[in-house]
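The values are calculated or read from the model by the stated rules, or taken from the named source; none is laboratory data. From a predicted model like this one, the values you see are computed outputs, not experimental measurements. Heads up, the Cβs are rebuilt from the backbone with ideal geometry, glycines too, and the neighbour counts pull from every protein chain shown.
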Amino acid sequence: MDKELLMKVACICFVLSIFQSSCNAASYNVVRFGARADGRTDSSKAFVNTWRAACGSFGSHTVYIPRGTYMTKPVVFSGPCRSRIMFRIDGTLVAPPNYWDMGNSGFWILFSKVTRLTVHGGVIDARGSKFWACRRTGSRCPPGVRSISFLWSSNVVVRGLKSLYSELIHVTVSNSNNILLENMNIIAPSRSPNTDGVIIQSSTGITIRNSLFKTGDDCIAVGPGSKNIWIEKIACGPGHGISIGSLGNSLNEAGVQNVTVSNVVFSKTQNGVRIKSWARDSKSYATNVEFRNILMKAVDNPIIIDQIYCPSNRCPRETSGVQVSNVRYSNIKGTSTTMEAVKFQCSASNPCRGIQMRNIRIKTPNRATTSICQNVHGWASGSVVPRGCF
Ligand SMILES: *[C@@H]1O[C@H](CO)[C@@H](O)[C@H](O)[C@H]1NC(C)=O
C-alpha cells in the first residue's frame, strides 16, 4: 500500500470510530467486569453486571465472553433493554461443581423479557452427571435446572450454541415470539433422565434448523399453546424423537397449530415423529401438522400418535379430549426396530381426523411391518408401507 492510501484508511477508521462512539456501539467484555476464565471463580455477578451495562444504554451493544472457561451459578439476563444486543460467547460456561448451588429457580441461564438479541457461539456445560445419578438413586435431590431459557422474549437468534450435559432440558422457549435457533449442538447421554433438547411452549413463530441432538429424552418437544413452528434439517439420536405434546394434561389448555417438521434423520431413537396426549378430558388440540422427508434408522416407534398416555394411572377410565386433525405424513423412509412401525392410538371420544399418508416405506430388517389403527380417519396416497389404516 502506498503512503497516501494508508493515510486514507487510517482517516476512515478514525472517522468510523468517532461515529461508532457517538452512536454508542460498544463492546462490554465480561472480564472487564470481573469475570475470571479460570473455570472456578464464580463469574455470575460479573455476567449480570456486564449485561446490565449493555442493556441499559442506547444503541447496539456486544456482551463479549472471551475464550476460556467461566464458572457461573444461575444468572438472569432481563430486559427490556434500550439496545439491540449481540451476546457473543467465544468461551465455555460451566456450572458450579456442586449441583445444590444451582438453586431452586429451575433455570441456569435465563433471558427474560428480551427483544432484539443474538446469542452467538459458545459452549454451555451444566455438568449434569452427578445430578442424574442423584435422581437415579432416588435420594433427596434439588429440582434441577434447564440450561438456557428464553421467556417472554421476541426477535431472538441463537446461532452456533453447543449445550452439554444439561441437568434437565437443554433449551426452553416459553411465551415468546419470533425465535430462530440454528446450528446448535445438543449433547447428553441416552440414559440421562429428562434431558430434552428444546422445549417450546406458548410461543409463536419458532424456527429450529441445522442442528444436532443427542440426548436422553425428546430431541424437540412442542408443547401447549405453540403456533407456526418450523423444524428442519435436524439429526436426532439417541433420544426420544420429535414430539408434539404432551397435550391435554389440563382441561383449559391451549392447542398446537401449524407445525412443520422436515428433513430429519432419526438414529436409534425411541420414537420418530410423535403426537402425544394425556387420556384426560381437555379442550386442547393439535391441527395442521406436517411431517415430511424423514429418514428413520432403527427407530422403535417411527410414526406414532399416542392419546392413551397416562403415567402413574392418573386418569382411570378417561379418554383424551385432545382433538388431533389434519396431520400429513409424506416421504418417510427407513427402518423400525418393532413390527408396529405405525401406531395410531387415537382417543375413543375424539377420533383423529384428516390423517394423510403419502409415500411411506418403513421396514424391519427381516419381518414385515404392521400398523395399529385405533379411532383414526384419513386417507393414503402413493405407496404406503406398512398399509392398513385407510
Ligand atoms: C405456518 O408457520 C410458518 C412458519 O413456521 C409460516 O411461515 C406460515 O405463514 C404459517 N401458516 C399459517 C397459515 O399461519
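Summary of values
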| item | result |
| --- | --- |
| Filter result for the condition that a residue is in contact with a helix residue (DSSP H, G or I) (Cβ under 9 Å, 6 or more places away or on another chain) and over 21 Å from residue 253 (Cα atoms), over 197, 216 | 216 |
| Odd one out for residue 280 among (1) surrounded by 18 or more Cβ atoms within 10 Å (Cβ to Cβ); (2) among the basic types (Lys, Arg); (3) under 19 Å from residue 336 (Cβ atoms) | (3) |
| The stretch 249-261, residues that are away from the ligand (no atom under 16 Å from the Cβ) and surrounded by 16 or more Cβ atoms within 10 Å (Cβ to Cβ) | 249, 253 |
| Subset of the stretch 225-248 that is under 18 Å from residue 287 (Cβ atoms), surrounded by fewer than 24 Cβ atoms within 10 Å (Cβ to Cβ) and more than 13 Å from the chain's Cα centre (by Cα) - its residue that is nearest to the ligand (Cβ to nearest atom) | 228 |
| Any chance residue 209 is away from the ligand (no atom under 16 Å from the Cβ) and surrounded by fewer than 24 Cβ atoms within 10 Å (Cβ to Cβ) | no |
| Sole exception among (1) buried (at least 24 other Cβ atoms within 10 Å of the Cβ); (2) out of contact with any Asp or Glu (no Cβ under 6 Å at 6 or more places or on another chain); (3) free of Cβ contacts under 8 Å to residues at least 60 places away in the same chain; (4) closer than 28 Å to residue 115 by Cβ for residue 201, by number | (1) |
| Count of residues meeting criterion [modelled with pLDDT under 95 and either of a type in the set (A, V, I, L, M) or in a helix (DSSP H, G or I) (or both)] in the stretch 1-60 | 24 |
| Selected residue (only one of 319, 338 is of a type in the set (Val, Ile, Thr) and surrounded by fewer than 17 Cβ atoms within 10 Å (Cβ to Cβ)) | 338 |
| Hits in the stretch 262-275 (condition: crowded, with 24+ Cβ neighbours inside 10 Å and within 16 Å of the ligand (Cβ to nearest atom)) | 264 |
| The lone exception for residue 319 - which of (1) within 17 Å of residue 245 (Cα to Cα); (2) touching a strand residue (DSSP E or B) at 6+ places or on another chain (Cβ under 7 Å); (3) not in a strand (DSSP E or B) it fails | (2) |
| Condition check for residue 169: within 10 Å of the chain's Cα centre (by Cα) and either at pLDDT below 95 or within 16 Å of the ligand (Cβ to nearest atom) (or both) | no |
| Subset of the stretch 172-206 (residues that are more than 16 Å from the ligand (Cβ to nearest atom), β-branched (Val, Ile, Thr) and within 22 Å of residue 256 (Cα to Cα)) | 172, 199 |
| Residues within the stretch 212-224 that are over 17 Å from residue 149 (Cβ atoms) and either within 16 Å of the ligand (Cβ to nearest atom) or of a type in the set (Gly, Ala, Ser) (or both), tallied | 1 |
